[in-house]
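Shown next, in structure tokens, is the structure this report addresses.
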Amino acid sequence: MIPAQFDYVAPTTLAEAITALGEAGEDAKILAGGQSLIPVLRLRLAFPTVLVDLSKVDELRGVRDDGDALLIGAMTKHSDVMTDPLITKYAALLSEATSTVADPAVRHRGTFGGALAHADPAGDLAAVALALDAELVAEGPGGRRSIAAKDFFMDYLETSLSPDEILAAVRIPKLVGSWSYRYEKFNRVAQAWAIVGVAAAVRMDGGSVAESRIGLTNMGSTPVRASAVESALSGASDLAAVRAAAQSAADGTNPPSDLGAKADYRQHLAKVLTGRAVAAAAGLSS
Ligand SMILES: Cc1cc2nc3c(=O)[nH]c(=O)nc-3n(C[C@H](O)[C@H](O)[C@H](O)COP(=O)(O)OP(=O)(O)OC[C@H]3O[C@@H](n4cnc5c(N)ncnc54)[C@H](O)[C@@H]3O)c2cc1C
């Protein structure tokens, strides 16, 4: 289908983009990689009057060392996130999860910021952002503000960005020390969306789990932090203890029932995949 008519602007700086968004009003939409927005326009599920294309705003691209954190520009493409040496060194869970997103064509257009701003709970990267305690840096006419990932994802496809704000960057605290990672994604065919995904980061100390971070994909209308598992994992040193802790993975979740799976099957998957992800990250095998 052909999208409804819209005006198009392609600013070259963030300041110009904020001005263009403000002038266009509430019916404007930001265009990043277009991998979700263009299908939405073609299906006429949205009718923006103006598209503000960020693809020429160079300052929104790239990864920077920011002391105890990494600052990842919102327009950094998935393919660049996957191979960036700073991300591989300090936030490898993100590179690993990004490598499971769609296919190479989508990963060469889609952006990290676009995926988070789209806030699809079936998307792989929101759960990672939540697990890694990311802060989302928004800029608008009122200036710059930081939003914790736990406060950013409000509901299905809904974030706490206001219509005149642009997601400029994502700040991810570095995980230093003996952290290891695993993103477990269950899908029915290769390169498809997750039926359920589990993002796990684990810090081992003397052979047992000292600290863990677990985020769940597609287990509710927003990404979910599996806090009960994180508490139960403390001190776990063998596979049986990890699997026992993983039994809490579905606590407080409200997954959808759809063509991919029923809700109770997703809850079962969350427990199994959490056990697998943590065991793999912790280097524990049967
Ligand atoms: C065939 C296919 C398969 C896919 N499979 C997966 C998958 O397995 N896992 C997965 O996680 N994702 C998947 N995706 C989604 C893909 O990863 C894209 O990252 C995602 O669609 C959005 O990124 P984008 O840069 O294309 O954003 P766009 O489509 O351009 O924008 C998406 C939304 O975010 C808003 N937005 C974008 N950037 C900003 C910003 N900086 N500030 C404020 N708002 C902004 C836009 O206005 C729009 O509402 C798939 C997409 C396709 C087409």
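Across all directions, the average projected area of the convex hull around the alpha carbons of the chain is 14.7 nm². The Cα center of segment 191-223 and the Cα center of segment 16-63 differ in position by 31 Å. Can you list the lysines whose alpha carbon is less than 29 Å from that of residue 89, not counting same-chain residues fewer than 8 positions off? By straight Cα distance, residue 89 reaches 56, 77, 150, 174, 185, 271. Rounded to the nearest 5, the antiparallel percentage of DSSP beta bridges internal to the chain is 85%.
With all protein chains present and a 1.4 Å probe, how do 64, 145 order by accessible area, largest first?
On the way: 64 130, 145 95 Å².
Highest to lowest solvent-accessible surface, that is 64, 145.
Solvent exposure of residue 135, expressed as accessible area, is near 70 Å², computed with a probe of 1.4 Å over the protein chains only.
In what order, largest first, do 219, 154, 82, 204 sit by accessible area if the probe radius is 1.4 Å?
On the way: 219 0, 154 105, 82 60, 204 40 Å².
Reading off the accessible areas and sorting them downward yields 154, 82, 204, 219.
Quick one: how many Å² of residue 144 are accessible to a 1.4 Å probe, rounded to 10? Approximately 150 Å² of residue 144 is accessible to the 1.4 Å probe.
Ranked highest first by average number of other Cβ atoms within 10 Å, how do 237-250, 270-283 line up?
Numbers: 237-250: 19.4, 270-283: 22.7.
Descending packing order for the listed peptides: 270-283, 237-250.
Rolling a 1.4 Å probe over the protein heavy atoms gives segment 50-200 an accessible area of 40 Å² per residue. Quick one: P(r) of segment 207-286 from all Cα-Cα pairs, 5 Å bins, percents rounded to integers, in order of increasing distance. Answer for segment 207-286: a P(r) of 3, 18, 29, 22, 14, 9, 4, 1, 0 percent.
For segment 113-209, run through the chymotrypsin sites (Phe, Trp or Tyr not before Pro) and keep only the ones in DSSP coil with at most 14 other Cβ atoms within 10 Å of their Cβ. Let's see the in-between values first.
Details: sites: 152, 153, 156, 179, 181, 183, 186, 193; in loops: 156, 193.
Of the chymotrypsin sites (Phe, Trp or Tyr not before Pro), the ones in loops of segment 113-209 whose Cβ has at most 14 other Cβ atoms within 10 Å are 156.
Which value results when the Cα radius of gyration for segment 1-72 is divided by 2.2 N^0.38 Å?
Details: Rg = 14.4 Å, N = 72, 2.2 N^0.38 = 11.2 Å.
Relative to the 2.2 N^0.38 Å estimate, segment 1-72 comes out at 1.29.
Of the accessible area of the chain, computed with a 1.4 Å probe over protein heavy atoms only, carbon and sulfur atoms account for 51 percent.
The values are calculated or read from the model by the stated rules, or taken from the named source; none is laboratory data. Keep in mind that this is a model prediction, so the values were computed, not measured. FYI the Cβ positions are ideal-geometry reconstructions off the backbone, even for glycines, and counts take in every protein chain you see. Heavy atoms of the whole protein, side chains included, go into the accessibility calculation; ligands, DNA and RNA do not. Shrake-Rupley method; radii C 1.70, N 1.55, O 1.52, S 1.80 Å.
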